[in-house]
Structure formats: C-alpha cells, structure tokens
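Data first, discussion second: the structure below is written as structure tokens.
The values are calculated or read from the model by the stated rules, or taken from the named source; none is laboratory data. All values reported here derive from a predicted model rather than from experimental measurement. Please note: Cβ atoms are built from the backbone with ideal geometry, for glycine as well, and neighbour counts cover all protein chains shown. SASA here: full protein model, heavy atoms, side chains in, ligands and nucleic acids out. Shrake-Rupley method; radii C 1.70, N 1.55, O 1.52, S 1.80 Å.
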Amino acid sequence: MRKIALFLTIALSLVSCISRSTYERVLEENKELKVQMQAFEELKVLYNKVQDELAGYKNAPDILYSQALECIKVNDRNGLASICESLHKFHPNSSEYSKVQQSLDKMDKDIADKEAAAKAKRMQAVNKLKKRYDDVSAISWYYNPYFTHYNNSNHMSIYMGKRTSGEPWLRLLMSYYGEDWIFFEKAYLSYDGNTREIPFNQFDDKETENSGGYVWEWIDVSVDSDLLEYLRRMVGGKVVKMRLTGKYTHDKILTSTEINALKDMLLGYDVLLNGE
C-alpha cells in the first residue's frame with residue numbers, strides 16, 4: 001500500500017513539473033508571437049507609406065496631364081475619365097484637373113453630337129420613304145422614294161409593311177414587261193458571281209396580265225431572314241442582276257437608282273425593327 005502511495009506521489013510531481021514547463025513554454029512562445037506581430041504591423045505601416053508615396057508620384061498632376069493629352073489624341077474617353085477621376089482625388093484644386101475636366105466635357109459633347117447625327121440620319125431613312133396607311137387592315141406600307149414599281153415594268157424592289165404594335169416585315173417584288181411572254185418559272189438574284197434563287201409558288205406568288213399587245217409577269221414574295229442577309233450583302237456588290245427564266249429568259253442589271261432604293265429600304269427596316 002505504501003508503494004502505491006509513493007508511486008502516486010511521484011507521478012503527481014512529474015505531471016506538475018511537466019504542466020509547469022509546458023505553461024512556461026507557451027508563455028514564451030506567446031511573447032515571441034506578439035513581438036513578430038508588432039514587427040509585422042510596423043512593416044505594414046511602412047509598406048503603406050511607401051505605396052502612398054508611389055501613388056503620389058504616379059498621380060502627380062503634370063504626369064497625369066501628360067497622360068490625358070495622349071488619351072485626347074486617340075479619342076480614348078474611358079482613359080481620359082479615369083485620369084480626370086485621379087486628378088479630382090489627388091489634386092482637386094489643380095489647373096490640370098480643370099483642363100482635363102473641360103476636355104472630358106468636350107469629348108462627351110462630341111460623342112453626343114455624333115450619336116444625335118447618326119440617329120437623325122437613321123430616322124431620315126424612314127422619313128424619306130413613301131408611306132401609305134391602309135386603315136382597313138391597319139397597316140402602314142413603305143415604298144422606296146425613287147420610283148413607283150408598277151407590275152407592268154422591268155424592276156426589282158422591296159417594300160415594307162408594319163402594324164402599329166408589331167414588327168415590320170419586308171416583301172420582294174420582281175417584274176417583267178414586254179411584247180412576248182417569257183413564262184418564267186424561276187427567279188434569281190446575283191451580285192459579283194454570288195447567285196441566289198428566289199423561291200416562289202407559281203399559283204400563290206406569281207401573277208400575269210396583258211393589255212394592248214404587251215404582257216407582264218411578276219412575283220411578290222415574303223423576305224425571310226436568309227434572304228434579308230443576302231440582300232444586305234447584295235447592295236454592296238459591283239454588278240447586281242436579276243434573272244427571270246422559264247420558257248424564255250429575261251436578264252436585267254439593276255440600276256444605281258434601284259440599288260439606292262434597296263439600301264434605303266433596308267436601313268428603314270432596320271430603324272423600325274431595332275429603334276432609332
């Protein structure tokens with residue numbers, strides 16, 4: 001029994017010594033950690049001070065103004081605005097800030113004026129079109145302003161319809177007029193060697209008429225998205241042709257008047273579809 005008591009006494013003494021040693025070591029490590037943290041904070045303050053000095057150098061008014069002049073040369077509005085903001089932050093009372101702000105205001109005015117001019121030009125494309133309102137169907141019809149495309153003529157054109165609350169749509173009109181029938185069954189458009197067939201239904205899309213020794217045949221078809229993209233490319237071609245072919249063939253090179261009419265109608269369509 002005495003041996004057991006002696007053993008417990010010795011064990012408790014050892015535990016006490018180990019606990020005291022561990023505690024003292026933790027205290028020492030904690031002191032070292034506080035010293036390191038204090039040194040880190042001092043370094044952080046020094047780093048921020050250096051950064052502020054560098055920022056002050058980088059944002060010196062003469063340096064920023066020199067950069068602003070480069071932005072003005074290349075019409076870089078975003079860059080100029082950023083420099084103006086820096087000058088306002090670091091040198092709000094400087095002459096450089098005042099001059100850069102004036103330059104930024106002028107650039108914004110120039111941009112606004114250009115946008116207004118572009119808007120006016122786009123609206124002009126719609127306003128110059130001939131417009132006819134059908135109060136029965138509540139549809140506004142738009143036609144090119146350069147010529148009236150009668151069915152008894154040799155022309156190719158597009159025209160546009162729009163309901164008040166709906167999107168516009170385009171239709172394509174191709175017509176032949178002469179003394180002899182050609183009985184065309186196929187229609188083509190071509191520019192600079194790029195040819196596209198214009199599909200149509202012989203019974204629904206094609207019409208014929210004759211009078212006074214003359215005959216005319218024409219088609220009036222809807223313009224889908226694929227044909228629309230083709231027309232947009234076509235009006236930029238050097239030589240634009242239409243062909244109506246069946247028993248006989250009729251070719252026609254589109255005149256500059258017809259090309260301009262197509263361009264105006266396509267632009268007018270884009271304005272009414274996408275807004276000013």
Next item on the list: Go through (1) surrounded by fewer than 16 Cβ atoms within 10 Å (Cβ to Cβ); (2) modelled with pLDDT of 95 or more one by one and return the number of the condition F203 breaks.
Entry: (2)
Notebook entry, point to check: In the stretch 116-163, which residue that is modelled with pLDDT of 90 or more and of a type in the set (V, I, T) is nearest to S211 (Cα to Cα)?
Noted result: T148
Check: Taking the stretch 131-153 on its own, how many of its residues are open to solvent by less than 40 Å² (accessible area, probe 1.4 Å) and not in a loop (DSSP other than H, G, I, E, B)?
Finding: 3
Next item on the list: For the stretch 221-240, name all the residues that are under 16 Å from L173 (Cα atoms) and assigned to a loop (DSSP other than H, G, I, E, B).
Entry: V223, D224, V235
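From A125, A120, A116, A187, grab the single residue that is small (G, A, S), in contact with a Leu (Cβ under 6 Å, 6 or more places away or on another chain) and part of a helix (DSSP H, G or I). Can you show your working first?
Details: A120 fails: in contact with a Leu (Cβ under 6 Å, 6 or more places away or on another chain); A116 fails: in contact with a Leu (Cβ under 6 Å, 6 or more places away or on another chain); A187 fails: part of a helix (DSSP H, G or I).
Of A125, A120, A116, A187, the one residue that is small (G, A, S), in contact with a Leu (Cβ under 6 Å, 6 or more places away or on another chain) and part of a helix (DSSP H, G or I) is A125.
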Next item on the list: Confirm whether I259 is under 21 Å from I219 (Cβ atoms) and open to solvent by 30 Å² or more (accessible area, probe 1.4 Å).
Entry: no
Notebook entry, point to check: How many residues does the stretch 189-204 contain that are out of contact with any Phe, Trp or Tyr (no Cβ under 7 Å at 6 or more places or on another chain) and among the hydroxyl-bearing types (S, T, Y)?
Noted result: 2
Next item on the list: Please work out if D270 is open to solvent by less than 60 Å² (accessible area, probe 1.4 Å), in a strand (DSSP E or B) and of a type outside the set (A, V, I, L, M).
Entry: no
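Of the residues that sit in the stretch 213-241 and are more than 20 Å from Y269 (Cβ to Cβ) and out of contact with any Phe, Trp or Tyr (no Cβ under 6 Å at 6 or more places or on another chain), which one is least open to solvent (accessible area, probe 1.4 Å)?
Across the stretch 213-241, the extreme among qualifying residues is W218.
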Notebook entry, point to check: Can we say N210 is part of a strand (DSSP E or B) and open to solvent by 60 Å² or more (accessible area, probe 1.4 Å)?
Noted result: yes
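Filter the stretch 78-131 down to the residues that are acidic (D, E), closer than 15 Å to Y65 by Cα and without any contact (Cβ under 8 Å) to a residue 12 or more places away in the chain and list them by number.
Correct list: E85 only.
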